[in-house]
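Just so you know, all these numbers are worked out from the coordinates, no wet-lab data involved. Given the structure is predicted, the values throughout are model-derived calculations rather than measurements. Here the Cβ positions follow ideal geometry from the backbone for every residue, glycine too, while neighbour counts run over all protein chains shown.
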Amino acid sequence: MAFTVEDGTGTDPLANAYISVAEMQAYFADRSPLDPGVLSSDLELAIVRATDYIELEYGNQFLGDLLVTDQALCWPRTYDLDNPMPAALKNATSEFANSSLTSDLFFVPTYDASGKTVKRQFDKVGPIETETEWSDGGSTDFTRKRYPIAERWMKIITFGGSGGVVR
């Protein structure tokens, strides 16, 4: 599928990104510029991964309703018709995309042969020591990765994020 940025109308069934590469670069130009060696194609992949992450983690928490019933992404929404793609969404997408350049956005646990996950691991270099504590295999052992800056941007456009009464 081609890299397709949502234009704020909700009418493109192929939309898979909330921001363009240029928007991400502009966001970070004011903060800490992106590594100039990163290819545009890598930034596009990072943006699509970030958009997917936002869809899966926040899709049911957004303010307002879908603008178009069968739109490809959770935005645009009826939340602010004068600004169908809010800056908070674009900034959060930039932050998540930047994080995805160096690691998976979702927590990916390490399993042993019996299906248990690593709960704690300790390594020591000299003399060499290794200690691994395994969970009991319950699904409650998963940990959600944290992205403080991006999460703060998301609070602006999700229920319970910026105050006020939601009914």
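Less than 5 angstrom separates the built amide H of R77 from those of L67, all sequence-distant by 5 or more or on a different chain. Neighbours of E151, meaning other residues whose beta-carbon lies under 14 angstrom from its beta-carbon, give a summed charge of +3 when Lys and Arg score +1 and Asp and Glu score -1. The label-point distance for T9 and D65, in a model that sets each label 7 Å from Cα toward Cβ, rounds to 2.2 nm.
Extension gain for D104-R31 works out to 24.0 nm (0.36 nm per residue, less the C-alpha to C-alpha distance).
Restriction of the chymotrypsin sites (Phe, Trp or Tyr not before Pro) in the range 36-96 to DSSP coil positions whose beta-carbon has at most 16 other beta-carbons within 10 angstrom yields Y79.
Taking amide H as placed 1.01 Å from N in the peptide plane, A17 has its amide H under 5 Å from the amide H of T4, E6, each at least 5 places away in sequence or on another chain.
Couplings for the range 60-65, taken from phi via the Karplus curve 6.51 cos²θ - 1.76 cosθ + 1.60 with θ = phi - 60°, read 8, 10, 6, 6, x, 10 Hz in order; Gly and Pro are left as x.
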